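Read the structure below first, then the notes.
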Amino acid sequence: MKNTRTAWMLLLLAIWSASQRAESQTDAISERARKLHFSSLVLDTHIDTTLRVRRPDWDFTAEHGHMPPGISSRPESNLHEGHVDLPRIKEGGLGALFFGIVVRGTITGPAAVNAALEQIAAIHKLAEDLPNEVAFCVTSSQVRLAFKERKIAALLGMEGGHMLNNSLPILRMYAKLGVRYITLTHFYHTDWADSSGEPPRHNGLTALGKEIVGEMNRLGVLVDISHVSDKTFWDALEVSRAPLIASHSSCRALSGHVRNMTDEMIRAMAKKGGVIQINYNTPYLDNAMSEYWLKTQQFRDELLTKYPGDENAIRRQQETGRQFGPSPKVNWEKIVEHIDHVARIAGVDHVGLGSDFDGATMPDGMEDVSQLPKITDALLRRNYTEADIKKILGENTLRVMAEAERIAAQISREKRGSR
C-alpha cells in the first residue's frame, strides 16, 4: 500500500512539474511577445471611431464597455460600448491609427463634403485637446517621431471617393487637411469608379477616375482599393505610379466575400510594392460566416427596419438565429491565418493590419484594441522572425507611405522641370 501511495505521489509530482515547465515556456514566449509588441510601431490603417470622436458627449480618454459577442459596433449612435478608446489603445500597444472619415455612400454632393469636413475637424481637435497623448501626423517621419515621443499618431483615411464630389480642387483641399489615403469607393459606385457592392456600371475607372488617381499620386495621398470592384483594382494598379494599399481587406482564398482580394490581385499589388492590411470583420475572415451573412442579408435588413437602433441589436441577432440557426463561430486566430496566407503567396513585406474596429463585427478573442498583442504572440509561435513581425505590425505600411511621399516629390520635380 505504501509503495502504491508513493508511486501515485511521484506520478502527480511528475505531472505537476511538466505542467509548470509548460507554463514557464508559455510565459517566456508571452513575455517575449509582450516586449516585441510594445517596442514595435503598431499601425492600424482603418478604425471607424471618428463618428464617436466628433460627438461632444463621448470621451476618448475614458474606457468604455465591450460590444456583445457577434454584434457590430455602430459608432454613430452607440456611446457606451465599442472597440477603441485611449486606455485600451495603450493597453493594446497601438502606436498609430488611421481614423476613418466615414459618410454613407447614399449621401453625396455638398452634404457629403460637409460631413467629411466635420469629421476631419474632430480629429484635428482631438490632437489639439490632448497634445501630450495624441500627435496629428501627415508623413511617415512624423509617425516615427510621435512613436519616439510616446504619443499616439493620429492619421486620416477617407472611406469613399463620393466625398470628393467629383472635384479635384476638393481632393487637394482634403490633402492639405491631412487626408493620407482615399478608398476609391465605399459600398456604392461613384460617378467615376465601380464598387464591389453593386453590379458594374463603368467597367472600372472612368477617365475622371484615372485623373483622380494621378492627382492622388501627385499629392502623396495613398490609393486605397478596399471596397472597389476587381476591374477598378486592375485599372488603379495600372494607372498609379505609387504603390496601392488595401486598407481593410482580407484574402478571398480563405473567405469568398467579394470585399476580399484574390491571390492574383495580392501578388500583382505586391509586385508594385503595395500592402494589404487584414480586416478583422468576421465575414471577411471566415467563409462559413461569409455564406451565412449573405444568406441572412435580406432578413437582417428587414429586421433592422422593424427593430431599429442599437438597443434592438441583440433582438435582431436572436431572431436571425431562430430563423437560420446560429451564426458560425469565428476565432481571432483567423486574422493570423490571413496574414500567413499573404506572407506565403506574396511575401512578408506586403501585409499589415487594418482592423475595421468600431465598424465591424470582431471575432471571438479580438473584442477590442486591447487584444492586439495576441497577434504578435501568435506570429512568434508560427516562427516569424522579430524583424518580419515588426514589418507586419506597422513597418510595411510606413514604407508605402514613405514611397508615396517620394513619388509625390518626384512628380513635383518633373512638373517644375517641364516648365
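How large is the dipole of the range 287-329 about the Cα centre if only Lys and Arg carry +1 and Asp and Glu carry -1, each at its Cβ, rounded to the nearest 20 debye?
Numbers: 7 positive and 6 negative charges, 30 e Å.
Here the size comes out at about 140 debye.
For the chain, compute Rh as the Kirkwood radius over C-alpha pairs and then the Stokes-Einstein diffusion coefficient at 20 °C and 1.002 mPa s; write the answer in µm²/s, rounded to an integer.
Numbers: Rh = 22.3 Å.
The calculation lands on 96 µm²/s.
Give me D44, D364 ranked fewest to most by other Cβ atoms within 10 Å of their Cβ, as a rough exposure proxy.
D364, D44
Figure the gain on full extension for I107 and D59 (residue separation times 0.36 nm, minus the Cα-Cα span) and round it to one decimal in nm.
14.6 nm
Pick from K390, K35, K210: which residue has the top mean-square fluctuation in a GNM of the chain where Cα pairs under 10 Å get a spring?
Greatest mean-square fluctuation among the candidates belongs to K35.
Taking square-rooted eigenvalues a ≥ b ≥ c of the alpha carbon gyration tensor, is the range 159-203 rounded, prolate or oblate, where a/c under 1.5 means rounded and, failing that, a/b exceeding b/c means prolate?
In terms of gyration-tensor shape, prolate.
At 0.692 mPa s and 37 °C, plugging the Kirkwood radius over alpha-carbon pairs of the range 155-314 into Stokes-Einstein gives what diffusion coefficient in µm²/s?
In µm²/s, the coefficient is 200.
Using a Cα-Cα cut-off of under 27 Å, which lysines could be cross-linked to K90, ignoring same-chain neighbours fewer than 8 residues away?
Leaving aside lysines fewer than 8 places away in the same chain, those within reach of K90 are K35, K125, K148, K151, K334, K374, K390, K391.
What three numbers, in Å, describe the spread of the alpha carbons of the range 287-329 along their principal axes, ordered from the longest?
That works out to 28, 17, 16 Å along the principal axes.
Efficiency by 1/(1 + (r/R0)^6): what FRET value for L208 and A288, r their Cβ-Cβ distance, R0 = 41 Å, to the nearest 0.05?
Once the sixth-power term is evaluated, E becomes 0.55.
Which residues' amide hydrogens lie under 5 Å from the amide hydrogen of I278, considering only partners 5 or more residues apart or on another chain, with H built in the peptide plane?
Answer set, sorted by chain and number: G352, L353, G354.
Measuring from label point to label point, each 7 Å out along Cα→Cβ, what is the L117 to L130 span in nm?
Using points 7 Å along Cα→Cβ, the separation is 2.6 nm.
With the crude spin-label approximation of a point 7 Å out along Cα→Cβ, what separation in nm comes out for Q297 versus R267?
Rounded to a tenth, the inter-label distance reads 2.9 nm.
If I take R0 = 25 Å and measure r between the Cβ atoms of N331 and F38 in this structure, what FRET efficiency does the formula 1/(1 + (r/R0)^6) give, to the nearest 0.05?
For R0 = 25 Å, the calculated efficiency reads 0.55.
How large are Rg and Dmax for the range 267-419 when calculated on the C-alpha trace, in angstrom?
For the range 267-419, the Cα-based Rg and Dmax read 20.1, 69 Å.
Long-range amide H contacts for S195: which residues qualify at under 5 Å (H placed 1.01 Å from N, peptide plane, sequence gap of 5 or more or a different chain)?
Placed amide hydrogens put H189, T190, S229 under 5 Å from S195.
For the chain, what does -39500 (n - 2.57) per DSSP helix run (n ≥ 4), summed and divided by total residues, give at 222 nm, in deg cm²/dmol to the nearest 500?
-15500 deg cm²/dmol
If the only charges are +1 at each Lys and Arg Cβ and -1 at each Asp and Glu Cβ, what is the size of the charge dipole of the chain around the Cα centre, to the nearest 20 debye? Spell out each step's value before the answer.
Working: 51 positive and 52 negative charges, 206 e Å.
Here the size comes out at about 980 debye.
Show me, for the range 249-264, the HN-Hα J-couplings you get by feeding each phi into the Karplus relation (A = 6.51, B = -1.76, C = 1.60, θ = phi - 60°), rounded to Hz, glycine and proline as x.
Per-residue couplings from phi come out as 10, 9, 9, 5, 5, 9, 9, x, 4, 4, 6, 8, 9, 6, 4, 4 Hz.
Compare the Cα positions of P199, N132, L244 along the charge dipole of the chain (+1 at Cβ of Lys, Arg; -1 at Cβ of Asp, Glu; about the Cα centre) and return the one farthest towards the positive end.
Value: L244.
Could you work out how far apart the two model spin labels at M173 and S141 are, taking each label as a point 7 Å from the Cα in the direction of the beta carbon, and quote it in nm?
So the two model labels end up 2.9 nm from each other.
Taking a cut-off of 26 Å between Cα atoms, list the lysines near K415, but don't count ones fewer than 8 places away on the same chain.
Cα-Cα hits under 26 Å: K176, K210, K272.
Out of all DSSP beta bridges in the chain, what portion is antiparallel? Express it as a percent rounded to 5.
Looking only at bridges with both residues in the chain, the antiparallel portion is about 5 percent.
Going by Cα centres, the range 341-419 and the range 40-84 are how many Å apart?
Value for the Cα centre distance between the two parts: 21 Å.
Values in this text are rule-based calculations from the coordinates and carry no lab data. Since we're looking at a predicted model, the values are computed, not measured. Positions of Cβ are generated from backbone atoms using ideal geometry, with glycine treated the same way; all protein chains shown enter the neighbour counts.
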